[in-house]
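See structure below.
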Amino acid sequence: MNTRRITIRIAAALAIGWMAVPDPKAHAESAAPVCASCHEKQTSSLKSTAHGARLEKIKNIAFDKTCETCHGDGAAHVSAGDGKDIFNPGKATAGKASETCMTCHSADRNRMFWAGSAHSGKGESCVSCHKVHGGNETLLAKKTEMELCTTCHKEVKADLVKRSKHPLRDATSKSGAGKMTCSSCHNAHGSRSEKLIAAKSINDKCYECHTEKQAPMLWEHAPVKEDCLTCHSPHGSSNNKMLAIKVPRLCQSCHMQGRHQSGTLAKNSVYGTNRSCLNCHAMVHGSNHPSGTVLQR
Ligand code: HEC
Ligand code: HEC
Ligand code: HEC
Ligand code: HEC
Ligand code: HEC
Ligand code: HEC
Ligand code: HEC
Ligand code: HEC
Ligand code: HEC
Ligand code: HEC
């Protein structure tokens, strides 16, 4: 940029700034237009977002005053005009950045368990995931949620290309063909349960979509009601049906003393081939058949 243009822009901005300075209220009211004279891009991009469009309705803060809600008093910065003396949450410590956002967002139901949660406790902040100027439609820092989360969680990304997996939205598909995202199960902002699960417990989360597994059974299979993850991986697995271990080894890990299923199985044994234990015990999640005592029907 040529120096003359900068000089003129700064002079113009200072003129507006000076006019406003004697009266603090008048200064505040002219803040956004003053800021816009040097930061057109950030101002116009903010306008179309929730912070530009809904702050007035919800918090009774006029657009002119928006910049200062996150950047603090800009008077000194406007006079200096050189990028100093202004608070930038994007460069602040995690604690300070989140504190800025939480001045308005601490009452949100979804943020109730933010303090001390996995992300806030490990030095992440609101701006680790959100971009206030120029983020996606939920102000996420990446185009899609999948892309955002898997930038840091590479091990989960690897699970999502395995043979059996949940139909999570494919980050590369423009139509967002999948049905689920990470937020179908997690609340990145914190939750009352382990692993940021957005439900009372892991099983309660699974039941939300797999309701039939919750129904009371005549013949229950103890580990099912206890924890789905005893047998399944939540994100993906190289085994069928997202099983953590292949059948029969999965079953044998608990059933070694039984009548027929213990020890190394002979080649072609009915206990080991095809669907193995499931050849006969098809109702692993429980049975409602009067004579389904051993989960066989
Ligand atoms: C809701 C909080 C919030 C509001 C309101 C806000 N900003 Fe920002 N601003 C941020 C955050 C956070 C960053 C760090 C980068 C980002 O998230 O986009 C930032 C960064 C900036 C930057 C540094 C350049 C950049 O894009 O990183 C400028 C300049 C800026 N804001 C100007 C403004 C102006 C002008 C306004 C008012 C029209 C404004 N901001 C309103 C939160 C806010
Ligand atoms: C006279 C021109 C001018 C005015 C008016 C102005 N700024 Fe800036 N601002 C700058 C310059 C120059 C920089 C440094 C280069 C850049 O980031 O664009 C800067 C940087 C910033 C940054 C980034 C600081 C950092 O450390 O990364 C923020 C945030 C910011 N301005 C906010 C504001 C806000 C809010 C207002 C209105 C209250 C405002 N600016 C008014 C010129 C101005
Ligand atoms: C001055 C109050 C205020 C501050 C400070 C503030 N926000 Fe907001 N934010 C709001 C309001 C109001 C909404 C709109 C809520 C609604 O529509 O229900 C909103 C909405 C959002 C949304 C949802 C956007 C959407 O389109 O649904 C995100 C994400 C968000 N804010 C992130 C942030 C982050 C990150 C910060 C800190 C850098 C921040 N906010 C600071 C008031 C604020
Ligand atoms: C680890 C990533 C991550 C962090 C950290 C994060 N967010 Fe979010 N945020 C998201 C995702 C993903 C969504 C979209 C969730 C959805 O679609 O339900 C979201 C949505 C939101 C929304 C709009 C929907 C809602 O839940 O009300 C607001 C407001 C918001 N975040 C504010 C914040 C604030 C404030 C902080 C800091 C205290 C923060 N976020 C920290 C990932 C994050
Ligand atoms: C079907 C529900 C579900 C979906 C969808 C889901 N998760 Fe999970 N996630 C879980 C459960 C349940 C756990 C707990 C696993 C455990 O305790 O062994 C978990 C654990 C995690 C962990 C902690 C891993 C560990 O071993 O401690 C991370 C990180 C994670 N998920 C990230 C993600 C990301 C990123 C996405 C989106 C790509 C995602 N999850 C989608 C259910 C889900
Ligand atoms: C900027 C990097 C970053 C992003 C982006 C991010 N995370 Fe994390 N996440 C972390 C860190 C750091 C931890 C703590 C890891 C640890 O304790 O080893 C963590 C932990 C987790 C855990 C485990 C919680 C526990 O109790 O062990 C889950 C689940 C998780 N993140 C889900 C998500 C989801 C869902 C998203 C996207 C909405 C996301 N993360 C985005 C950095 C990130
Ligand atoms: C938001 C809804 C939702 C939640 C929550 C959910 N699932 Fe799923 N699950 C699905 C959908 C959709 C499919 C795919 C069904 C299909 O392809 O017919 C699926 C498929 C499965 C499959 C079969 C995979 C295959 O390869 O056929 C298993 C196993 C499974 N889920 C276990 C779980 C477990 C364990 C949990 C809890 C950690 C859980 N689900 C939570 C929606 C969900
Ligand atoms: C004792 C191990 C075990 C436990 C615990 C378990 N499952 Fe399964 N699950 C299996 C096996 C084995 C299969 C494959 C069945 C088949 O191929 O016929 C399966 C298949 C599934 C399927 C896909 C086929 C179907 O029946 O719909 C879903 C969905 C599923 N399980 C959900 C769950 C949920 C939800 C829980 C927790 C409430 C759970 N499972 C607990 C072993 C288990
Ligand atoms: C985490 C341990 C665990 C795993 C893994 C497990 N089970 Fe079980 N299973 C149990 C428990 C505990 C019972 C209840 C035993 C009792 O009541 O004596 C049970 C009961 C049964 C019964 C009924 C036995 C009876 O006497 O009522 C059958 C059949 C059975 N399991 C088959 C399987 C098959 C097939 C698999 C593999 C898909 C499997 N189990 C995996 C723990 C497990
Ligand atoms: C060919 C059919 C068949 C196959 C294959 C099979 N079972 Fe069974 N299983 C039965 C029958 C029938 C009973 C009832 C036996 C009885 O009451 O004498 C039974 C009983 C059981 C019991 C109840 C406790 C006991 O020892 O009586 C368990 C546990 C069990 N099977 C686990 C397994 C496991 C694990 C596998 C795979 C390694 C397996 N079964 C494969 C037919 C089968």
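The values are calculated or read from the model by the stated rules, or taken from the named source; none is laboratory data. Just so we're clear, the structure is a prediction, and the values are computed from it rather than from any experiment. Here Cβ is always computed from backbone atoms with ideal geometry, including for glycine, and neighbour counts include all displayed protein chains. Side chains are part of the model used for accessible areas, which takes the heavy atoms of the whole protein and leaves out ligands, DNA and RNA. Shrake-Rupley method; radii C 1.70, N 1.55, O 1.52, S 1.80 Å.
Some notes on this structure:
- When residues of the range 239-297 are limited to those that are open to solvent by 30 Å² or more (accessible area, probe 1.4 Å), over 17 Å from ALA222 (Cβ atoms) and assigned to a helix (DSSP H, G or I), the one nearest to ligand 7 (Cβ to nearest atom): LYS241
- Filter pass, THR66 being within 27 Å of GLY135 (Cα to Cα), modelled with pLDDT of 90 or more and buried (at least 17 other Cβ atoms within 10 Å of the Cβ): yes
- Apart from one condition, LYS41 fits all of (1) modelled with pLDDT of 90 or more; (2) not in a helix (DSSP H, G or I); the exception is (2).
- Any hit, the range 154-165, residues being within 16 Å of ligand 8 (Cβ to nearest atom) and open to solvent by less than 50 Å² (accessible area, probe 1.4 Å): yes
- Boolean, ALA141 is open to solvent by 60 Å² or more (accessible area, probe 1.4 Å), farther than 23 Å from HIS285 by Cβ, touching a Gly at 6+ places or on another chain (Cβ under 9 Å) and among the hydrophobic types (A, V, I, L, M, F, W, C): no
- The helices (runs of 4 or more DSSP H) found entirely in the range 88-204 that carry 3 or more residues being touching a residue at least 12 places away in the same chain (Cβ under 8 Å) and among the hydrophobic types (A, V, I, L, M, F, W, C) are 94-105, 126-129, 145-152.
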